Amino acid sequence: IGWLALRHLADRIRHVPALSLLQFPYHDNLRVAELVRRGVPARALTGLADALHLSLGGLTAAVQIPRRTLERRLAENAVLKVAESERAVRISRRLARATEVFEDRD
C-alpha cells in the first residue's frame, strides 16, 4: 500500500463515527502504526468507552489522559497524542480480538 493511500485512510478515520476505532483493520500493522502516528480522534474514545461499558472517566484512567484534557480535545475535535493514541489502540485491538474469538462483544 502506498504512502498516499495510507494518508487518505488516516484522514478518513478522522471523519467517521466514534466506533470506527473498534472497526479498524488491526491485522494490518502498517495501518495501525500510521493511525497512531497521526493520532486517534479524541471522539473515538467515547465509542470505545460505550463498547467497554465504562464511563469516559474510567477509560481516561486506562489511556492515562486527564479527563479535563480529554474534554477539551473533544470540544476542539482534536486528536490524541502518540502515546495516548497507542494506549487507546492497544485497548481497542484487544477488544476487537476478544470479540472475534468469543463472537460477542459483551
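The values are calculated or read from the model by the stated rules, or taken from the named source; none is laboratory data. Keep in mind that what you see is a predicted model, and the values were worked out from it rather than measured. Protein only, heavy atoms only, side chains kept; ligands, DNA and RNA dropped before computing areas. Shrake-Rupley method; radii C 1.70, N 1.55, O 1.52, S 1.80 Å.
Counting only protein chains, not ligands or nucleic acids, how are His53, His27 ordered by accessible area (probe 1.4 Å), most first?
Working: His53 140, His27 160 Å².
So, going from the largest accessible area down, we get His27, His53.
For segment 30-47, take each phi angle, set θ = phi - 60°, evaluate the Karplus expression 6.51 cos²θ - 1.76 cosθ + 1.60, and give the result in whole Hz per residue in order, putting x for glycine and proline. Using θ = phi - 60°, the values come out as 5, 5, 4, 4, 5, 4, 5, 5, 7, x, 6, x, 4, 5, 5, 5, 5, x Hz. Ranked by solvent-accessible area (1.4 Å probe, protein heavy atoms only, all chains present), the residues Arg73, Arg87 order from largest to smallest as Arg87, Arg73.
The Rg/Rh ratio for segment 16-72, using Cα coordinates for both the radius of gyration and the Kirkwood hydrodynamic radius, is 0.98. Close amide H pairs (under 5 Å, H built 1.01 Å from N) link Val79 with Ala42, residues at least 5 positions away or on another chain.
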